[in-house]
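The values are calculated or read from the model by the stated rules, or taken from the named source; none is laboratory data. Values in this document were obtained by computation on a predicted structure and should not be read as measured data. Please note: Cβ atoms are built from the backbone with ideal geometry, for glycine as well, and neighbour counts cover all protein chains shown.
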């Protein structure tokens, strides 16, 4: 087996493998298959002209058919035509093969006829001529034309063989070069991407190092914004926290426990206190609203913490996705630390903001809510009054007649004199004894009462001589216009008769002072102040004085006029008290709960906005500024210590740069061959006889023939005819002047053509 390599800048490199004597010696099939099975291998079936008639039994043809059944890469060569010039039968077989009229297994193979030794057919001296090889080939073609007169002219000689081989090589190139180029381009792109990931080589200067650090900060910010805004990474978790976890926590607040009726009663009573100006359920309801809204702070803080954790994860993911930071692990850790510290600041600002939103709702409860609350309650009472007022109209008329009869003196009676005393420049101070009913003992105590019409206050002492009041009732609006006082007589019943004494006659002497708004205290912790006059004259005067003060102070007196009642509080109870006090309180609790739920829904919508503003948008806008300011504040030595490239990265970059250079060079060369192959194919398809495409191949063979620098041969367990049989190859064993190794063409004439015409031959 002989190997030859052909290299030339104008043609692809070729590897020639010679397997001589397949029919004469046993050759291992595995060795043949090792080279023949490749799709790029062109199989040359060389048959001597004298054996052309026995082509069907050729082992070389069988092997070629075994590895190339379609004959797409097989070329047939009929050699030594000159030696068979006197054999008409052999010439007829040769002409049949050249005309594709041979056996079936040979018709799809292109055949070319050659003379045994090209060096023996030169027709002229060609010693130093540049075209010596081409001249010999042309002489060979002319000789073959004279021998094979009936054969196709395009299949004669080594020029035809070169054309056939070039066509095969072009077809192989057309099939393989696009794929090879595509693979090389893909590999080049991979190498370029890897070089881009590894980055440029580090500039060894203070300014260059700092510029690289700032550029890496910008790359990190680009990745951070991409992860945050583009949904890549964990950005969706921010929206999930706003739409899922935070609203669920708001809905899970224990509102039922806080708006339980007993809890509402307790808060209202605790808020009322003992001072007159604190007597209002509004304070208790406001306190309840503040307590419940305070619960919304924890879910808001937890939402801030969740968004903070998501942003921290995005920072880590962005740092890992930044190619430049991968080159400098210390600087990567520094960037992550700076970004995390900036996120901590944004988190603290967001917590302050969401807590301020909750406190804003807690601090200011719109008065319109309580106004609507009172309006609804008054409307409800009005409807109840209309329903019950129709049935009690007759009772009111009877009560009014009794009151008028009681207030007018009888003709047989002696007019009573009032025991009340007056003082002051205008008589604005009225004083006298009244019986006060104790809520603890349910008994009566005689107390000295003083009414100041200017201040609108009614106070009492145990004795007339005492200087300090034991209790005071304010007969005016103390806190808001929603508070009204009601002055109503206490009717006389069987119990009142016992309390007034057995001698009590006529209308009762008992009356009481209450607040028209339920659950509001009048004196200390009591909702009503029950008094009893010593006489009817004193009672009427006290009632007139109190009524005058209440109306002057903007209050409202219960009832159109002072009246006695035949039944215990029949009309009074209907006008001023709810039918069911607990039901009234429950109704108020539901109204307040509705307001609280509306506020919580508003917070559920506004807290995410505050978080987005203080955390997400802030990180988008200020992250790069935070990085720039922090990196700029670091000293040069610290920057250089952080921007220390890994040695493995440097070695990788050098290796990929070499690969990129080699791939670029190889791709460029193959592109040139691809373009030439395409051009040659177009020339061949056009049917022109131009020889320009052949010049590159001619030059390659000429260069190979001109010296050992271009043509290299070596044998491996085979026979090399070039070096072993110089005389047979027609070479002169003696070297020319100067010891040149140039291959020359000897002065030998071609053989004479045969005398007889080509005889026909049939298989």
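Residues in region 143-194 that are more than 60 Å from the chain's Cα centre (by Cα) and without any contact (Cβ under 8 Å) to a residue 40 or more places away in the chain: 145, 153, 154.
Just one of the numbered conditions (1) at pLDDT 80 or above; (2) buried (at least 17 other Cβ atoms within 10 Å of the Cβ); (3) in a helix (DSSP H, G or I) is not true of residue 44: (3).
The numbered conditions (1) surrounded by fewer than 17 Cβ atoms within 10 Å (Cβ to Cβ); (2) modelled with pLDDT under 75; (3) assigned to a helix (DSSP H, G or I) are all true for residue 585 except (1). Residues that are closer than 29 Å to residue 213 by Cβ, exposed (fewer than 15 other Cβ atoms within 10 Å of the Cβ) and at pLDDT below 80 within region 646-673 comprise 646, 647, 648, 650, listed in sequence order.
Taking residue 336 as the residue in question, decide whether it is buried (at least 21 other Cβ atoms within 10 Å of the Cβ) and at pLDDT 90 or above. So residue 336 does not fit the description; no. The listed residues are 598, 633, 610, and the only one of them that is within 30 Å of residue 376 (Cβ to Cβ) and either in the same structural domain as residue 355 (by TED's automatic domain parsing) or touching a strand residue (DSSP E or B) at 6+ places or on another chain (Cβ under 6 Å) (or both) turns out to be 598. Of the helices (runs of 4 or more DSSP H) contained entirely in region 184-261, those carrying at least 1 residues that are exposed (fewer than 15 other Cβ atoms within 10 Å of the Cβ), in the same structural domain as residue 340 (by TED's automatic domain parsing) and at pLDDT 85 or above fall at 206-229, 246-251, 255-258.
Residues checked against (1) surrounded by fewer than 13 Cβ atoms within 10 Å (Cβ to Cβ); (2) farther than 24 Å from residue 307 by Cβ; (3) modelled with pLDDT of 70 or more:
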residue	(1), (2), (3)
364	yes, yes, yes
376	no, yes, yes
391	yes, yes, no
399	no, yes, no
413	yes, yes, no
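Among the candidates 300, 341, the residue that is within 25 Å of residue 242 (Cα to Cα) and buried (at least 18 other Cβ atoms within 10 Å of the Cβ) is uniquely 300.
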